[in-house]
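See structure below.
The values are calculated or read from the model by the stated rules, or taken from the named source; none is laboratory data. Because the structure is a prediction, the values reported are computed rather than measured. Because the Cβ atoms are built from the backbone with ideal geometry, glycine has one as well, and the counts that use them run over all protein chains shown. Side chains included, ligands, DNA and RNA excluded: accessible areas come from the protein's heavy atoms. Shrake-Rupley method; radii C 1.70, N 1.55, O 1.52, S 1.80 Å.
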Amino acid sequence: MADALSPTELYDRLQRGESLSILDVRNRDEFEAWHIDAPRTVQRPYVEFMGAKVRGEIPELVESLGLDSADEDGPVVAVCPQGDASERVAELLREEGLDVLNLEAGMEGWATVYVAREIDVDSGTVVQYERPSSGCLSYLVISGDEAVVIDPLREFADRYVADADEGGADLRYAIDTHVHADHVSGIRAVAERSEATPVLPVGAKERGLAFDATLVADGDELELGDGTLTALHAPGHTSEMTLFRFDGVLFSADTLFLDSIGRPDLEAGSDGARSLADSLYATLHDRIRALPGETLVAPGHVRSGTPRASDGTFTDSLSAVCEAVSLLSLDRDEFVARVADDLPPRPANYEEIVSVNLGKETVDSETAFELELGPNNCAV
């Protein structure tokens with residue numbers, strides 16, 4: 001459709017820095033919880049447009065939004081949950097002479113955007129997958145004729161298998177660094193579509209893991225083609241959190257992001273947050289900061305505004321990340337107090353997502369997709 005814009009096209013335009021405006025016609029609470037970041041964003045609920053139409057006041061409403069001159073700053077992209085309400089609003093605004101495109105499938109369509117970029121490493125191939133709608137990052141590592149996917153999302157299980165095949169490798173492992181609370185894990189879906197073995201930290205058993213998987217502990221190694229993945233137990237975000245090192249790359253999951261750290265309350269709630277925050281302090285200072293400064297940090301999440309590396313990926317050296325994360329400059333008591341007592345809202349549906357990821361509850365693909373819609377909120 002000439003008057004529609006696909007989610008992927010919107011992503012590409014935003015990445016190129018093109019001028020455009022977002023008009024989000026969802027309710028204010030929906031917008032504040034989760035929205036698309038753009039240089040210019042206006043929120044006004046759908047019902048306001050319908051009321052203005054009945055009263056013949058669309059021109060006045062447009063003027064109040066400042067959209068009458070939006071054509072000077074590129075098109076307006078109308079957004080709603082599924083693309084229907086926003087299309088009706090877009091039609092009204094086109095009648096007023098504005099250049100308005102409707103986002104196909106709305107925010108649900110935005111959640112299907114998945115972008116792959118190759119990380120510049122000395123040997124093998126490392127691909128970083130970005131889901132812009134939530135900031136989730138996953139990884140495909142190919143070494144020789146074998147591959148592993150780290151922290152895969154169920155929604156994109158077919159993608160990992162296809163990309164490994166295109167790279168001439170068989171998926172040997174599908175790894176979760178911990179029991180995720182913000183998205184539905186894809187390790188079992190990947191295993192069903194390939195010969196990959198599901199892998200989880202040994203501590204997942206204590207959390208109630210209800211399906212068969214290979215369990216790894218601190219220091220365990222997984223042979224992969226010409227290389228080796230080494231497990232690094234890193235309690236803090238969760239008790240079982242285990243990172244992996246491969247050829248100078250640290251897959252830091254939800255422990256260390258490029259400009260923040262993982263929250264400590266999604267496993268044990270607010271009551272257990274201080275204990276895990278204390279563990280997180282020890283993990284960051286005694287385990288991770290002990291690694292070589294040139295170690296490349298490849299995190300599990302990214303947030304709006306985080307700068308990219310020269311290769312376009314969300315990676316940086318450990319020394320640079322440690323400088324960027326101000327929380328690492330605090331002493332232990334200050335760190336625990338700040339991290340445990342100043343927490344953002346928890347991810348939507350996180351308790352049910354944890355149950356699904358442990359194998360205690362089964363949901364179909366449509367329900368799984370709906371459960372994880374929205375921001376991840378895993379960072380402090």
Report the charge-dipole magnitude of the chain in Debye, nearest 20, computed about the Cα centre from +1 at each Lys and Arg Cβ and -1 at each Asp and Glu Cβ. 660
So which residue, out of ASP163, ASP311, ASP218, gets the largest mean-square fluctuation from a GNM of the chain using Cα contacts under 10 Å as springs? ASP311
Over the chain, what percent of the accessible surface lies on carbon and sulfur atoms, probe 1.4 Å? 42
Work out from phi, with θ = phi - 60° and the Karplus expression 6.51 cos²θ - 1.76 cosθ + 1.60, the ³J(HN,Hα) of each residue of region 108-119, listed in order in whole Hz, and give x for Gly and Pro. 5, x, 4, 6, 8, 5, 9, 10, 10, 9, 8, 7
Set the Förster distance to 45 Å, then compute FRET efficiency between LYS360 and GLU294 from the Cβ-Cβ distance, nearest 0.05. 0.65
Protection proxy ranking, peptides 154-160, 166-172, average beta carbon neighbours within 10 Å, highest first: 154-160, 166-172
Pull up the DSSP beta bridges for the chain and report the antiparallel fraction as a percent, rounded to 5. 55
Most fluctuating residue of ALA181, ALA38, ALA78 in a GNM of the chain with Cα springs under 10 Å: which is it? ALA38
Give me the number: length gained by fully extending ASP311 to SER19, i.e. 0.36 nm times residue separation minus the C-alpha to C-alpha distance, one decimal in nm. 102.8 nm
If you take every residue apart from GLU223 with its C-beta less than 9 Å away from the C-beta of GLU223, what net charge results, scoring Lys and Arg +1 and Asp and Glu -1? -1
First select every other residue whose beta carbon is under 9 angstrom from the beta carbon of HIS233; then total the charges, Lys and Arg +1, Asp and Glu -1. -1
Net charge near ASP311, counting Lys/Arg +1 and Asp/Glu -1 over other residues with Cβ under 14 Å of its Cβ? -3
Computed helical MRE - 222 nm, the chain, DSSP H runs ≥ 4 contributing -39500 (n - 2.57), nearest 500: -8500 deg cm²/dmol
What would the Debye formula give as log10 I(q)/I(0) at q = 0.10, 0.12, 0.18, 0.20 Å⁻¹ for the alpha-carbon point model of region 227-380, no solvent? -0.37, -0.53, -1.14, -1.32
For region 228-275 and region 33-112, what is the centre-to-centre distance using only Cα atoms, to the nearest Å? 40
Any number yet on Rg/Rh for the chain, C-alpha, Kirkwood? 1.01
Distance in nm between pseudo-label sites at PHE211 and LYS53 (7 Å out along the Cβ direction from Cα): 4.4
Taking the simple approach of a point 7 Å from Cα along Cα-to-Cβ for both ASP158 and SER64, what is their distance in nm? 4.5
Measuring from its Cα centre, region 47-187 shows a charge dipole (+1 at each Lys and Arg Cβ, -1 at each Asp and Glu Cβ) which, in debye to the nearest 20, is 460
